[in-house]
Every structure is written in C-alpha cells, then in structure tokens.
1. Condition test on LEU36, is it aliphatic (A, V, I, L, M), farther than 20 Å from ALA141 by Cα and in contact with a strand residue (DSSP E or B) (Cβ under 9 Å, 6 or more places away or on another chain)?
2. In the range 150-164, is there at least one residue being assigned to a helix (DSSP H, G or I) and surrounded by fewer than 18 Cβ atoms within 10 Å (Cβ to Cβ)?
3. When ARG189 is evaluated against the numbered criteria (1) more than 24 Å from ALA246 (Cα to Cα); (2) out of contact with any His (no Cβ under 8 Å at 6 or more places or on another chain), which criterion, by number, is the only one it fails?
4. Quick one: would you say ALA83 is more than 19 Å from ASP167 (Cβ to Cβ) and buried (at least 18 other Cβ atoms within 10 Å of the Cβ)?
5. When you look at VAL135, is it touching a residue at least 40 places away in the same chain (Cβ under 8 Å) and in a helix (DSSP H, G or I), yes or no?
6. Tell me yes or no: at least one residue of the range 183-196 is in contact (Cβ under 8 Å) with a residue 40 or more places away in the chain, under 20 Å from GLY41 (Cβ atoms) and part of a loop (DSSP other than H, G, I, E, B).
7. Checking ILE102 against (1) closer than 16 Å to PRO62 by Cα; (2) more than 13 Å from the chain's Cα centre (by Cα), which test does it fail?
8. Considering only the range 214-257, state which residues are assigned to a loop (DSSP other than H, G, I, E, B) and either touching a Cys at 6+ places or on another chain (Cβ under 9 Å) or at pLDDT 95 or above (or both).
Amino acid sequence: MTAPRWAAIPSAALGGELGFLLRVPQGRGPHPVTVLLHGRGDGARSWRPVFGELPPGVVLIPDAPWLDRAGYWVDSAHPGGRAVETAVVRDLLSWAQDELPIIGDRAARTVAGYSMGGAGAVRLGLAHPELFGTVIALSPALYDPEPPEGSSARESGAFGTASALFDPAVYARLGHRAALAAHPGTPTRLLVAAGDAEPATPGAPAALAVGAQARELVRLAAATPGIAATFREFPGGHGWETWRPALRWALSAARDT
C-alpha cells in the first residue's frame, strides 16, 4: 500500500489553501474514503504511527494550523480562526468526489480522529450525517455541558465570537447534544474508545474526564434513532498506546457492520 503524500487544494471556506496528506491505493476503484483528524497541537503527519495500518481505500488527513492548532475542527468566528469544518465537509470532500476514484455513497465514508480530532469527528460525523456513515472517536476531547477553565476549547477562540474567546451559546450549538437532537435518523455507526489510564483534566470534576465523557456520548447516541453506538476501553493513557489498538478495533468493527 502506498504511503500518504502531501497535497493542497484551494478552499473557498478558508480563503486560501487546505493542506492534507493523501493516500490513494492502486487499482481503478471506486474506493471507500476515510478522513482522519489530528489532535490539538498536532498536524496531519501526527498520524504517522499508524501509517502502516491505514484502512483500505482513499485516506484524507487534513492539516489545521489555525488558532495554534486548537481549532477543534469547527467554523470559528474569532479573529485568527477559519471555517475549518466547511473546508473539510464541503471543499475537501467535493474535490475528492470530482478528482478521485471514490464511492459516492455515505455508507462508504468514515471520519475518525483522536483527542481534539475525536471531538472533531463527532462534530463532523453527527452534524453531517448525509456525508458519513461511520464515526470513530478515540479519546474525544468532549466537555458537556462546558469545557473546564484552562481548557484550550475555552482559550483558543475555536468556540468564540468576533469579540470573545469563548461563548457558551456557540459551544452548545456546535456540541454533540445539539447534533444528536437534530439527527435525522440516518443509519450511522459511532465507535468510541478511551484508555483506562486517561489523565484527569486539572481542576475539572470527574464527570468531565475523557472516559466519563466518552461513555456519556455513547449513552446519548445509543438512545438516538438511527445511531448504533459502541464504547470500548483499552489499556493506556491519552496516546498512541491506546489509539493504535483502538483504531484497529474500530476499523474492524466498522467493516463487520
């Protein structure tokens, strides 16, 4: 299987280029598509530990450098932010549909991410069910009802306005509860994993811990018509010792459905 290569396309949403890693398998296709979202402070190449275990088909790994790489994969109204969500779900996927030998059916599309990217996968997958049939969230950085003080979700501007770094109304509107409430019942597979030794968020209550939030996400999603949600815990903390086997499990489970 060929290794991912760097590519870039014009993005109307960003008002510039969107850079990403692209892996197109040999063969005529059409192929399924997997979009991988990196975590806070990381980049597209941070997926390197699992380059040898990428799923079959076309793989797109966008790079999001804005807001000190803490944009949470949402459209931000704060200065310095960008419409990253729109850039991925509209510009990148439209380009892929036009230029690559991919399957057009949503059932053949997966969005996956770890940490901040896990939260991004939940956002993109649940808010755009017409685009993705499978959502994989590894140690997702979700905070319900709000992120704790000191969290990059509060301090980066991802959920801000033109004049504020953080707006609770914006956070709620872009959160998973709102996406689940608006979900149309389209069949969706949600696979969520976390480590059994995830570090606690400093100063935050136990209910905002990664594992607790992941379990609550699955509980809420499983009660939503059309969504088949599964949680699994793996040995390890907030790193690739957890995410590598978790990704392997999730991709296998998605193929079996």
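The values are calculated or read from the model by the stated rules, or taken from the named source; none is laboratory data. If you're wondering where the values come from, they're calculated on a predicted model, not measured in any experiment. Heads up, the Cβs are rebuilt from the backbone with ideal geometry, glycines too, and the neighbour counts pull from every protein chain shown.
1. Details: aliphatic (A, V, I, L, M): yes; farther than 20 Å from ALA141 by Cα: no; in contact with a strand residue (DSSP E or B) (Cβ under 9 Å, 6 or more places away or on another chain): yes.
Against the criterion (aliphatic (A, V, I, L, M), farther than 20 Å from ALA141 by Cα and in contact with a strand residue (DSSP E or B) (Cβ under 9 Å, 6 or more places away or on another chain)), LEU36 does not qualify.
2. Yes, because at least one residue in the range 150-164 is assigned to a helix (DSSP H, G or I) and surrounded by fewer than 18 Cβ atoms within 10 Å (Cβ to Cβ).
3. The one condition ARG189 does not meet is (1).
4. In short, no.
5. On the way: touching a residue at least 40 places away in the same chain (Cβ under 8 Å): yes; in a helix (DSSP H, G or I): no.
Judged against the criteria, VAL135 is not a match.
6. No, the range 183-196 contains no residue that is in contact (Cβ under 8 Å) with a residue 40 or more places away in the chain, under 20 Å from GLY41 (Cβ atoms) and part of a loop (DSSP other than H, G, I, E, B).
7. With (1) closer than 16 Å to PRO62 by Cα; (2) more than 13 Å from the chain's Cα centre (by Cα) applied to ILE102, the lone miss is (1).
8. ALA223, THR224, PRO225, GLY226, PRO235, GLY236, GLY237, HIS238, GLY239
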